[in-house]
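K.L.:
There's a structure below that I have some questions on.
Throughout, read-outs are computed from the coordinates displayed, never taken from laboratory work. Model, not experiment: these values are computed from the prediction. All Cβ positions, glycine included, derive from the backbone under ideal geometry; neighbour counts span all protein chains shown.
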Amino acid sequence: MVFYRKYRPQTLGELIGQEEVKRTLESQLTSGKIGHAYLFYGTRGTGKTSTARILAKAVNCEKYRSQTPKFGEPCNKCQSCIAITNGSSLDLVEIDAASNRGIDEIRDLREKVKLSPVSSPYKVYIIDEVHMLTTEAFNALLKTLEEPPKHAIFILATTEYSKLPATILSRLQKFNFKRASKVDIASAVTRIARSEKIKLDQGSASQIAEVADGSFRDAVSLLDQLSANGEIKQEDVSAIAKVSGKNQIYNFVEMLIRSEIKPAALFVEDLVEEGVDISLFIRQTVLYLEKVLYFKIGADNFEELDENSQADLKQLADSIEFEKLQTLIRLLIIADGEIKIFPMAQIPLVLAICKFIGEAGVRVVNESNVSKVSEAVKHTESSSVLQAKEEQDDDVKMEIRPRSGGKGLVEVEKNWSEFLNRVRPLNAHVVALLRSTKPFGFDGESLTLEVFYKFHKDKLEEPKIMHMLDSKMEETIGRRVRLKFILAKRESTPTVAVGRSDVVDVKADELEKIAQEIFSK
């Protein structure tokens, strides 16, 4: 059995780093005041589902059925506890909302919840990733939460608290699961290693805890992965997690600060070649940059770091402007969130690199200079007015170069955000490609977009994609407007939005060279 299942907490006392949650639930069990609906929320791997199962065992444990109080820590020996532990209990229903998110599934639950438990006092329903439910499904669930049967207990779990409707939240007891401390995780990993007779020094345990980022499950999974030889060294952790301080993250951040776009992009491709978890690498980089940020603001009390590490952080903090550091952190967080919608995990990170270095080291055109740019090109036959419009949800702007049909183009531009929002559920990858284009001309019927890479143009011109885009554009503005794509000339520059008031010009030939090197591997 894999370690994270073998060593999953089976009592409240075994939970790592959740003292407030433990104290409150123990108090409820002792007093017998059990709620009918709970919400467990927090980052992944912090024990939400494990705690839900422990609570299910505690309210149904046979040890307490003839005692006062009626509830307490599960004994893990009676038939009810054993059945819940091994997943055979008919009175514990676990639902994955990510794959059962529709109203039909919730209606089915509403019908079945009326049935009495098979052999226990309570029937417990655990709904994991509950934020994935549709609006209709939430509305259906709300009615059940308002008037639940006496024998039913609902435990909802989520990593995204903010996505739950207020009407649902108001009917739940809420428990926040925080990241476990590195000390607690290192201690737990050491205990497991000792139990499994694995040689693990304190440095390796601390490094595993660092990589796990507060997730007990991630820490135990990494320990399991590294334990094949019966001994784990610090270099083993670094080799698998690719988190080795100065050797990896420091060098990467230094490339970004120095605006070395090509080395930084190829560095990411090297990570991919070596089988690195890109999402994990991004998260570790963000945590590292958080320390840089603290050094920047003078809150640099990191006693756990040696002098060399602190010197590295101070050097980076002195080398980057405060605003740019904040921008870099935001871009990396966005890139990590977008990984799941891209076919290749490195693409969001490479795009974030290009966008950040474009802001840091390439010519920036402020909105205050837009009128000057327009005047400068006004006298040429192909000149046009430069307009920047902010996209509502992700700060993407369009540079408009109308040849004719100005009024119609303004209409398209005005509704561009809505158009992208309509395309996104059908193909998020196409939305990313559209963001990297530049509107070139509009004749009242056809919107021509410059595309800076041939493989992007080929993808966008696929008949299925073209039909989808034309259809969504017509839905958006209420009339037919065809999209056409042309390959930009070498001297053209793609426009990238920065913040809320800047437009960054990044040289197309430089980006094309990088893209060719990346995608030719």
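K.L.:
So what are the ³J(HN,Hα) numbers for region 99-113, from phi and the Karplus equation (6.51, -1.76, 1.60; θ = phi - 60°), rounded to whole Hz, Gly and Pro as x?
P.N.:
10, 10, 9, x, 5, 5, 5, 6, 5, 4, 4, 4, 6, 6, 5
K.L.:
Using 0.36 nm times the number of residues separating Glu307 and Thr167, minus their current alpha carbon distance, what extension gain do you get?
P.N.:
Here the answer is 45.3 nm.
K.L.:
At R0 = 22 Å, how high is the FRET efficiency between Ser187 and Ser279 if r is their beta carbon distance? Nearest 0.05 is fine.
P.N.:
0.25
K.L.:
5 Å is the cut-off here: which amide hydrogens, built 1.01 Å from N in the peptide plane, fall below it relative to Lys123, excluding neighbours closer than 5 in sequence?
P.N.:
Ala152, Ile153
K.L.:
For region 1-83, taking Cα atoms only, what is the radius of gyration to one decimal and the Dmax to the nearest whole Å?
P.N.:
Values for region 1-83 (Cα only, Rg and Dmax): 12.8, 38 Å.
K.L.:
Specify the inter-centroid distance of region 7-55 and region 302-352, based on alpha-carbon positions, in whole Å.
P.N.:
Between the Cα centre of region 7-55 and that of region 302-352, the gap is 33 Å.
K.L.:
Relative contact order of region 177-228: what whole-number percent is it, with Cα pairs under 8 angstrom and at least 6 residues apart?
P.N.:
In percent, rounded to a whole number, it is 45.
K.L.:
Another question about this same structure. Please compare each pair in Lys57/Lys150; Lys22/Lys70; Lys324/Lys464; Lys163/Lys457 to a cut-off of 28 Å on the Cα-Cα distance and tell me which ones are over it. Numbers along the way, then the final one.
P.N.:
Details: Lys57/Lys150 17 Å; Lys22/Lys70 18 Å; Lys324/Lys464 40 Å; Lys163/Lys457 35 Å.
Long pairs (Cα-Cα over 28 Å): Lys324/Lys464; Lys163/Lys457.
K.L.:
Semi-axes of the equivalent ellipsoid for region 245-361, please: Cα gyration tensor eigenvalues, times 5, square-rooted, ordered largest first, whole Å.
P.N.:
Numbers: eigenvalues 109, 46, 34 Å².
For region 245-361, the ellipsoid semi-axes come out as 23, 15, 13 Å.
K.L.:
Still on this structure: Can you pull the semi-axes for region 3-177, root of five times each eigenvalue of the Cα gyration tensor, sorted largest first, whole Å?
P.N.:
Computed over region 3-177, the values are 24, 19, 15 Å.
K.L.:
Return the whole-Å distance between the Cα centroid of region 417-479 and the Cα centroid of region 84-137.
P.N.:
Taking the Cα centre of region 84-137 as reference, the centre of region 417-479 is 41 Å away.
K.L.:
Moving on to the next point. Quick check for me: using +1 on Lys/Arg Cβ and -1 on Asp/Glu Cβ, what's the dipole size of region 3-177 about its Cα centre, in debye to the nearest 20? Could the numbers behind the result be given before it?
P.N.:
On the way: 25 positive and 19 negative charges, 91 e Å.
Charge dipole of region 3-177: 440 debye, to the nearest 20.
K.L.:
Using a simple spin-label model with points 7 Å from Cα along the Cα→Cβ vector, what separation in nm is obtained for Lys199 and Thr135?
P.N.:
Using points 7 Å along Cα→Cβ, the separation is 6.1 nm.
K.L.:
Let me ask something else about it. Based solely on C-alpha atoms, express the radius of gyration and the Dmax of region 183-238 in angstrom.
P.N.:
In Å, with Rg to one decimal and Dmax whole: 9.5, 26.
K.L.:
Additional query: Taking amide H atoms as placed 1.01 Å from N in the peptide plane, list the residues 5 or more away in sequence, or in a different chain, whose amide H sits under 5 Å from that of Ala37.
P.N.:
Phe154, Gln173
K.L.:
How large, in Å, is region 154-249 by the Kirkwood hydrodynamic radius built from its alpha-carbon pairs? All intermediate terms of the calculation are to be shown ahead of the outcome.
P.N.:
Numbers: mean 1/r = 0.0663 Å⁻¹.
Taking the inverse mean of 1/r over all distinct Cα pairs, region 154-249 comes out at 15.1 Å.
K.L.:
Taking H placed 1.01 Å from N in the peptide plane, check which residues at least 5 places from Lys199 or on another chain put their amide H under 5 Å from its amide H.
P.N.:
Glu231, Ile232
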